[in-house]
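Taking it in order: structure first as structure tokens, then the write-up.
The values are calculated or read from the model by the stated rules, or taken from the named source; none is laboratory data. Fair warning: this is a prediction, and the values are worked out from it, not measured in the lab. Ideal geometry is used to build each Cβ from the backbone, glycine not excepted, and the neighbour counts take in all protein chains shown.
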Amino acid sequence: MSAVSLETIDGLRHADAATAAELKAMVGRETVRICREHLGDSIRVVILTGSMARNEAIFVHSQTGYQVLGDAEFLIVLNDGIPLPSAKVAEALSARIQISFADENLVCPVSLSHCHAAYLRGLRPNIFSFELRECGEVISGQTGALSSIPRFSVSDIPLEDGWRLVCNRIVEQLALAAELTGTTDSLPISVYVQTMKLYLDMASSLLLFAGHFAPTYRRREELLRNLVTTDATAWPFPINPFARLVTQVTQWRVGESKTPPPPTFEFWETAVFHARCLWKWELSRLSGLDTSASEPELMRGWMQCQSCLERLRGWAYLLREEGFVGGWQDWPRRLRLALISSPRYLIYSAASGMLWRAPSLISSGEETGSQTDLWHQLPSRGMNRDSERPTWRNTSREILWNYKKYLVGTRS
């Protein structure tokens, strides 16, 4: 993992608008070409989603050409009756597409998701479907495909979706925190870029709870600046410093500024502080408990709001993933956990608890402290099954393993 200094960050030059547009078009063409070579006429529509569809992807100059700090996300809609490719097939196809970019001197990760047209028609109100309908770009196939997504307003998006967004970023931050070894060096570039992404998504989540969500980073930053001056809502933290950081990150992200926040441990630590305050404030709103309640009390209160059906749906997905025989040693413990919550909430609880501790652990240089209280919340111990006193770094990696295995690709 390469470290990045402030000078290096300043030296990361965004591609100009014309070059970025050419690179985006090339990414779309190559993805369509290779997908159609593999799937042929089975493809009904290819849709570009995410930041690249919103023209907010970061194309920067690299030593060999250009690089995307993020990824290109595609939704491949197949004709009815065509089986959806397995995750392994999708990963292999993504790898082949990425290799093809080398001829254009571009490094760009690609994420492919496959579905049928019924998926679009059945999308429920959430942040993803809102952004997809408003900003998705059909690059091959039926141009009106996105109009099949049901219309809904911002007020129809469940507030829980904003909290989940923050929780997902918390897991990503925790995975990267396990790689930090001190407080004086510049942040590794992967940590720095993900920390900026954390600020963008914290702003998104906060705006959703305030009833002012928008589909693009630029518009969200404008809304946040307006709220700072016009809204008297009790914010979860001092709002002006937070808003200034969001503005600074947004302007660098969209290429309107060459001065990003300094890539210091303090920047990362401040982001964790903001995430913790926001996580707690939103959880108080969701659970109906007072903000004076402790974080474990708030999490337990929110878990108790889950219906039995919601809990069972999450555990049923886990059972389908590995079968009852797979991980049979864990099932007595899992049955006890199932009485408490779904796998998603348990993993979120462990991830947040671990990230709140990480800054002080990194600052003190502590490596061996046990985190068994968080360890026992996890649905599986796939990586360190035999460890009785896991270190905080091992616990962090275990949380990430559970997250990728049981939460990515499902809303259960």
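Which one of these is in contact with a Lys or Arg (Cβ under 6 Å, 6 or more places away or on another chain), of a type in the set (Val, Ile, Thr) and either farther than 27 Å from residue 62 by Cα or not assigned by TED's automatic domain parsing to the domain that holds residue 77 (or both): 189, 157, 170, 149?
Selected residue: 149, the only one of 189, 157, 170, 149 that is in contact with a Lys or Arg (Cβ under 6 Å, 6 or more places away or on another chain), of a type in the set (Val, Ile, Thr) and either farther than 27 Å from residue 62 by Cα or not assigned by TED's automatic domain parsing to the domain that holds residue 77 (or both).
What are the pairs with Cβ atoms under 7 angstrom where one residue, in region 48-74, is over 16 Å from residue 106 (Cα atoms) and the other, located anywhere, is modelled with pLDDT under 90? Sequence gap at least six, or different chains.
From region 48-74, the pairs are 51/70; 56/253; 56/254.
Are there helices (runs of 4 or more DSSP H) fully within region 1-119 with at least 1 residues that are closer than 24 Å to residue 144 by Cβ and touching a helix residue (DSSP H, G or I) at 6+ places or on another chain (Cβ under 9 Å)? List them.
Per the criteria, 17-39, 50-53.
So how many residues does region 10-65 have that are charged (D, E, K, R) and surrounded by 20 or more Cβ atoms within 10 Å (Cβ to Cβ)?
Total satisfying the criteria: 3.
Tally time: how many residues in region 129-156 are touching a residue at least 24 places away in the same chain (Cβ under 8 Å), assigned to a helix (DSSP H, G or I) and farther than 10 Å from residue 47 by Cβ?
Residues flagged as touching a residue at least 24 places away in the same chain (Cβ under 8 Å), assigned to a helix (DSSP H, G or I) and farther than 10 Å from residue 47 by Cβ within region 129-156 amount to 8.
From the residues in region 187-214 that are surrounded by 19 or more Cβ atoms within 10 Å (Cβ to Cβ) and part of a loop (DSSP other than H, G, I, E, B), which one is modelled with the lowest pLDDT?
187
Please go through region 71-93 and pick out each residue that is under 28 Å from residue 252 (Cα atoms) and either surrounded by fewer than 20 Cβ atoms within 10 Å (Cβ to Cβ) or touching a Gly at 6+ places or on another chain (Cβ under 8 Å) (or both).
Hits for region 71-93 are 71, 72, 73, 75.
Could you list, in sequence order, the residues of region 240-251 that are in contact (Cβ under 8 Å) with a residue 12 or more places away in the chain and over 22 Å from residue 14 (Cβ atoms)?
Listed by number, the residues that qualify are 240, 242, 243.
Determine which member of the set 321, 310, 366 is modelled with pLDDT under 85 and under 24 Å from the mean Cα position of the chain (by Cα).
Just one listed residue meets the conditions, 321.
How many residues are crowded, with 17+ Cβ neighbours inside 10 Å and farther than 16 Å from residue 31 by Cβ when one looks only at region 131-144?
4
For region 338-351, which residues satisfy the criterion of being under 11 Å from residue 312 (Cα atoms) and either assigned to a helix (DSSP H, G or I) or polar (S, T, N, Q) (or both)?
338, 341, 342, 343
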